[in-house]
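Notes follow once the structure below has been shown.
The values are calculated or read from the model by the stated rules, or taken from the named source; none is laboratory data. This structure is a prediction, so every number in the text was calculated from the model and none was measured. Note: ideal-geometry Cβ built from the backbone for every residue, glycine included; neighbour counts use all protein chains shown.
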Amino acid sequence: MSLPRNRLGPLAGGVAVAAALAGPAVADDAMLRTLAGVFMFGGLASAWNIIGGFTGYASFGNVVFFGLGGYTIAVLMVHARLSFWAALPVAVAVGAVYAALVGLPVLRLRGHYFAIATLGVAEGTREVVLNLPDLTGGGAGISLPVLGAQAVTSSPGNTGFYYLFLAAMGVAVAVAFAVSRSRFGYALAAIHDDEQGAAATGINTTRAKLAAFALSGALTSLIGALFAFQQVAIYPERLFSVEITVLMVAMAVIGGLGTVVGPVIGAVGLQLLAEYLRQRYLGLHLIVFGSLLVAVVVLMPEGMMSKLSQAWRERRLGLLDTVRRYRV
């Protein structure tokens, strides 16, 4: 007897959650760190998807919230001697407030102008962090007090971080799901399709975009704070790296923009693939990785979730349909 189609999704999700929760029982420390990285990027891609996928504003500066979350945690733990758990809500609030303040001017822009503006904000913020050595450590970085007698919060170890990043990804996915089913989400979808038309129907587009950007910033800061706690020693070049934003975007696009599960699928696939290529083909892994990304974008421009849903409905994969349609 086959299950109804509307029950396959929840069943698959339940199996995936159960397997993830049981991960530390079967994985070694190296695998736990790898999987924690997968969960981290799954959460980041889901957070980016709220502004880039649901709203249609492709931010290339979301790493600024990742960096701010990490540095807020570091500064509060080092200078204010707060525990990680006391500082975490502050880091999330800093990301949300900074996104709202930055969003007021930059969300007036659209398309590539918005993307470039957000990239400039991220680079400018990184320079500010670099030029505040007494507070942030500047280019020399800053170390969180998590080890030894001076620790304000002890490191939970690989298993602890595995579950923390899993929980953070779960929060990001749950928020994305709630947004997608709410009036707020419908307003974002209307802005994505036709912003002027959405405004004409009575939607306050400015407020909706600011809320989406602030929500994305808060979730990204949450994950950045966890990353800083895990790494112990942090540096501006790492926490404000454009590479992190590029990976967020690539994972969301390949998994499926505007879907709830797509960014997670993209993160799992790309992170595990990157790790495999890095271990097997150290000299060529970037070339192979890039070639595979191009192939996925050409064959499945709408993302893996849309392609898989179409394949399930039509009982055929049709990978070459896009090539034939656009004569690629």
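Here Ile116 passes the criteria (1) without any contact (Cβ under 8 Å) to a residue 24 or more places away in the chain; (2) within 30 Å of Glu195 (Cβ to Cβ) except the one numbered (1). Looking only at residues of segment 138-160 that are without any contact (Cβ under 8 Å) to a residue 24 or more places away in the chain and assigned to a loop (DSSP other than H, G, I, E, B), we find that the one that is farthest from Leu239 (Cα to Cα) is Ala149. Among residues belonging to segment 257-283 that are of a type in the set (A, V, I, L, M, F, W, C) and in contact (Cβ under 8 Å) with a residue 60 or more places away in the chain, point out the one that is farthest from Asn49 (Cα to Cα). My answer is Leu272. Screening Leu144, Leu188, Leu101, Leu166 for residues that are of a type in the set (A, V, I, L, M, F, W, C), closer than 22 Å to Ile223 by Cβ and out of contact with any Phe, Trp or Tyr (no Cβ under 8 Å at 6 or more places or on another chain) leaves exactly one candidate, Leu101.
Out of Gly138, Gly61, one residue alone is buried (at least 18 other Cβ atoms within 10 Å of the Cβ) and of a type in the set (Gly, Ala, Ser). It is Gly61.
Do you know which of the residues in segment 292-316 that are at pLDDT 70 or above and closer than 26 Å to Met31 by Cβ is nearest to the chain's Cα centre (by Cα)? Among those that are at pLDDT 70 or above and closer than 26 Å to Met31 by Cβ, it is Leu293. Evaluated against (1) assigned to a helix (DSSP H, G or I); (2) more than 21 Å from the chain's Cα centre (by Cα), Leu82 falls short on exactly one condition, (1).
There is at least one residue in segment 240-256 that is closer than 14 Å to Gly53 by Cα, part of a loop (DSSP other than H, G, I, E, B) and touching a helix residue (DSSP H, G or I) at 6+ places or on another chain (Cβ under 8 Å).
Per the listing Val97, Val90, the residue uniquely farther than 16 Å from Leu210 by Cα and assigned to a helix (DSSP H, G or I) is Val90.
Here Ala198 clears all of (1) hydrophobic (A, V, I, L, M, F, W, C); (2) surrounded by 16 or more Cβ atoms within 10 Å (Cβ to Cβ); (3) farther than 17 Å from Gly67 by Cβ; (4) touching a residue at least 12 places away in the same chain (Cβ under 8 Å) except the condition numbered (4).
Here is a check on your reading of the model: is Gln230 assigned to a helix (DSSP H, G or I) and modelled with pLDDT under 90? No: the conditions fail for Gln230. For segment 202-236: of the residues being crowded, with 24+ Cβ neighbours inside 10 Å and aromatic (Phe, Trp, Tyr), which is farthest from Tyr98 (Cα to Cα)? So, considering only residues that are crowded, with 24+ Cβ neighbours inside 10 Å and aromatic (Phe, Trp, Tyr), the one farthest from Tyr98 (Cα to Cα) is Phe229. Figure legend. Inter-residue proximity from segment 161-185: first residues within 17 Å of Ala16 (Cα to Cα), second residues in a helix (DSSP H, G or I) and among the hydroxyl-bearing types (Ser, Thr, Tyr), beta-carbon distance below 8 Å, spacing 6+ or different chains. Indicated pairs: Met169/Ser46; Ala172/Ser46; Val173/Ser46.
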